[in-house]
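Asks: Let me give you the structure first, and then I'll get to my questions.
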Amino acid sequence: MPHDNTVRTLLRTEEAQSVSQEDFRDAMSLLGAPVVLVTTDGPGGRQGLTVSAISSVSDTPPTVLVCLNRGNRSHQSFLQNGVVGISILSPAHSQLAYSFASRSASAEDRFSSATWMTRETGSPLLSDALVTLDCTIEAIRGTGTHDVLFCGVKAITTNPEAEHGLAWFSRGFHHLPVKRP
């Protein structure tokens, strides 16, 4: 079958209603995910949060997707700024991940506890992250409570000294070894 770019939406209301939010969250807790900080800066303000809903989309052009809850206080800043900094974390960043996930910490408090750099887009990138991706928002698709941001990668940095990545699984952090050639 040839590739079809048509977006198809399947509505399965009865099936969706039979799955509780708790059952869904329990199931997703057993899906390993990277731990990343997503940040932005610009006319909409400097904001950031911890996410695990991120995935590569394409290498031509380099594109990733990030899912953001529309109810999150930083959501509008990302849309207004149109840029996203993605910092993939290592175990040394566990406390920073908790800080950026906190609803009580201010943006100023979150950013003051680490060293940041910028690249092409001006988004804050964690200086000692395992990997950083400097991105522009190319497209947005909404579903349920979230927007899916399709982000074009403009610059990448890697930390050759990092020995482990940080993953979220079964409601806890886990260290994954970095395989080097």
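The values are calculated or read from the model by the stated rules, or taken from the named source; none is laboratory data. If you're wondering where the values come from, they're calculated on a predicted model, not measured in any experiment. So basically every Cβ, Gly included, is an ideal-geometry build from the backbone, and we count neighbours across all protein chains shown. For accessibility, only protein heavy atoms count, side chains too; no ligands or nucleic acids. Shrake-Rupley method; radii C 1.70, N 1.55, O 1.52, S 1.80 Å.
Asks: In the Gaussian network model of the chain, springs joining C-alpha atoms below 10 Å, which of P61, P91, P34 carries the largest mean-square fluctuation?
Replies: Comparing P61, P91, P34 in the GNM, the peak value goes to P61.
Asks: Follow-up. Give the accessible area for F111 in Å² (nearest 10); use a 1.4 Å probe, count only protein heavy atoms, and leave out ligands, DNA and RNA.
Replies: In the full protein context, F111 sits at about 10 Å².
Asks: Moving on to the next point. What does the accessible area per residue of the chain come to in Å², with a 1.4 Å probe and no ligands, DNA or RNA counted?
Replies: Numbers: 11050 Å² over 181 residues.
Here the per-residue accessible area is 61 Å².
Asks: Leaving out ligands, DNA and RNA but keeping every protein chain, what accessible area does V19 have, in Å² rounded to the nearest 10, with a 1.4 Å probe?
Replies: Probe radius 1.4 Å; accessible area of V19 about 80 Å².
Asks: Taking 1 over the mean of 1/r across every pair of different Cα atoms in segment 82-171, what Kirkwood radius in Å do you get?
Replies: Details: mean 1/r = 0.0697 Å⁻¹.
Its Kirkwood hydrodynamic radius stands at 14.4 Å.
Asks: Next question. Using a Debye calculation, one point per C-alpha and no hydration shell, please list log10 I(q)/I(0) for segment 102-149 at q = 0.29 Å⁻¹ in order.
Replies: -1.00
Asks: Given only helices, namely DSSP H runs of n ≥ 4 each adding -39500 (n - 2.57), what is the per-residue ellipticity at 222 nm of the chain, to the nearest 500 deg cm²/dmol?
Replies: On the way: 5 runs with 35 residues, N = 181.
For the chain, the value works out to -5000 deg cm²/dmol.
Asks: Sticking with this structure for a sec: Leaving out ligands, DNA and RNA, what percent of the accessible area of segment 43-160 is carbon and sulfur, probe 1.4 Å? Kindly include the intermediate steps, with their values, before the conclusion.
Replies: On the way: 2930 of 5710 Å².
Carbon and sulfur: 51 percent of the exposed surface of segment 43-160.
Asks: Would you mind getting the Kirkwood hydrodynamic radius of segment 50-97 from its Cα pairs, rounded to one decimal in Å? Working shown, then result.
Replies: Values: mean 1/r = 0.0797 Å⁻¹.
Result for segment 50-97, one decimal place: 12.5 Å.
Asks: Still on this structure: Using a simple charge model, +1 on the beta-carbon of Lys and Arg, -1 on the beta-carbon of Asp and Glu, nothing else, what dipole does the chain show about its Cα centre, in debye to the nearest 20?
Replies: Details: 14 positive and 17 negative charges, 24 e Å.
With only Lys, Arg, Asp and Glu charged at Cβ, the dipole is about 120 debye.
Asks: Using alpha-carbon positions, what is the distance between the centroids of segment 161-181 and segment 25-87, in Å?
Replies: With segment 161-181 and segment 25-87 each reduced to a Cα centre, they are spaced 19 Å.
Asks: Any chance you could look up the accessible area of I156 with a 1.4 Å probe, heavy atoms only, rounded to 10 Å²?
Replies: Surface accessible to solvent at I156 totals approximately 100 Å².
Asks: So, how do all the Cα-to-Cα distances of segment 71-118 break down into 5 Å bins, in percent, from 0 on up?
Replies: 4, 16, 26, 29, 20, 5, 0
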